[in-house]
Amino acid sequence: MTGRIVLVGCGNMGHALLGGWCDRRAGVTGAPEIVVVEPEAERRHRAGDHFAVATLAGPASLPEPDPADVVVIAVKPQATATVVPAYAAHARAGALILSIAAGRTLASLESRLGGGAVVRAMPNTAAAVRAAITVACANSNVTAAQRTRAEDLLSVVGDVAWIEDEALLDAVTAVSGSGPAYVFLLTECLTDAAIAAGLPPPLATQLARATVVGAGRLLAATEAPAASLRREVTSPGGTTAAALAILGGTRGLAELMTAAVAAAADRSRELAREG
Ligand SMILES: NC(=O)c1ccc[n+]([C@@H]2O[C@H](COP(=O)([O-])OP(=O)(O)OC[C@H]3O[C@@H](n4cnc5c(N)ncnc54)[C@H](OP(=O)(O)O)[C@@H]3O)[C@@H](O)[C@H]2O)c1
């Protein structure tokens, strides 16, 4: 990684990306210069103190012209309308604009920048532990080198997949963007069910968490499909089979999950129209 990165917004996601970039550049000759633009003083100082990067409260103090080759937009979606236009000069100068704002389309970003090379990406909250899955989509102005650059920057927090059809990002958002919340809900439900089955709450909480974490690690450790792993622990006529008969019944988990993902994708499409 070389060049100059301007990170706009250093909240949860910006901070996770910044940590990954700084770890990767440690001790590397010609490593990129990183500038963080973050109006909130505490988060700005956190970035400056943890990572020894330059920090600014707003774009006004950036040099004109700014030599950044990438501007990463990591502000809340609602803020993009006012924040993104401030970086139009970067886009005009050939910098890659990499946005992780949910529901903000390439067309809306381009219109706020007046064109340029734009990548829209959807990470998830597991970026905090560098176990995210990010799906990215580039506009037609993005060069092969810029695509590689975007992938380098995103891959510090986990795996990256590319799609050509931006419309798929609504379903992506519904699956991997929102997906960690579904797993957290599953953990909550398993805890409540454990308490209902008579376990003391601390043990119920411990078991539910450890079970979800352990199952996730098993998935990570093998290429075997989830269905195979499920079958391996389901003896005919056994306890797991009894539970799965309930979860797989009418209006069972499969149907609920399909409806939940469809609702999230619909909402993502609505938000994109608003943005
Ligand atoms: N967190 C996730 O799991 C996740 C997953 C996928 C995508 N995303 C996307 O990632 C983006 C960031 O999410 P987040 O969870 O990191 O949000 P966040 O914690 O609220 O971080 C956004 C940061 O941007 C700052 N900001 C506001 N206006 C700014 C400006 N003009 N210039 C520079 N920085 C500014 C905010 O400061 P103030 O608080 O003072 O406004 C805040 O510190 C969102 O667009 C979200 O859709 C997040």
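The values are calculated or read from the model by the stated rules, or taken from the named source; none is laboratory data. What you are looking at is a predicted structure, and each value in this text was computed from that prediction instead of being measured. We place every Cβ from the backbone using ideal geometry, glycine too, and count neighbours over all the protein chains shown.
Things to note:
- The residues listed here are LEU190, LEU185, LEU207, LEU153; of these, the one that is modelled with pLDDT of 95 or more and closer than 30 Å to ALA93 by Cα is LEU153.
- Only a single criterion out of (1) surrounded by 15 or more Cβ atoms within 10 Å (Cβ to Cβ); (2) in contact (Cβ under 8 Å) with a residue 60 or more places away in the chain is not satisfied by ALA81, namely (1).
- Taking strands (runs of 3 or more DSSP E) as the structural unit, those lying wholly within the range 16-76 and holding at least 3 residues that are in the same structural domain as ARG112 (by TED's automatic domain parsing) and among the hydrophobic types (A, V, I, L, M, F, W, C) correspond to 33-37, 70-73.
- Matching residues, the range 21-40, being in contact with a Ser or Thr (Cβ under 8 Å, 6 or more places away or on another chain), at pLDDT 90 or above and not hydrophobic (A, V, I, L, M, F, W, C): GLU38
- Residue count for the range 230-265, restricted to those that are exposed (fewer than 12 other Cβ atoms within 10 Å of the Cβ) and assigned to a helix (DSSP H, G or I): 9
- Matching residues, the range 76-100, being within 9 Å of the ligand (Cβ to nearest atom) and of a type outside the set (Ser, Thr, Tyr): LYS76, PRO77, GLN78, ALA79, VAL83, ALA86, ILE100
- Screening GLY103 against (1) within 14 Å of the ligand (Cβ to nearest atom); (2) at pLDDT below 95; (3) of a type outside the set (Asp, Glu); (4) surrounded by fewer than 22 Cβ atoms within 10 Å (Cβ to Cβ) leaves a single unmet condition, (4).
- The single condition from (1) in contact (Cβ under 8 Å) with a residue 24 or more places away in the chain; (2) farther than 25 Å from THR105 by Cβ; (3) assigned by TED's automatic domain parsing to the domain that holds ARG25 that THR187 fails is (3).
Per-residue answers, yes or no, for (1) surrounded by 12 or more Cβ atoms within 10 Å (Cβ to Cβ); (2) within 11 Å of the ligand (Cβ to nearest atom); (3) in contact (Cβ under 8 Å) with a residue 24 or more places away in the chain:
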residue	(1), (2), (3)
LEU17	yes, yes, yes
GLY30	no, no, yes
ILE34	yes, no, yes
GLU42	no, yes, no
HIS45	yes, no, no
PRO59	yes, yes, yes
ALA68	yes, no, yes
ALA74	yes, yes, yes
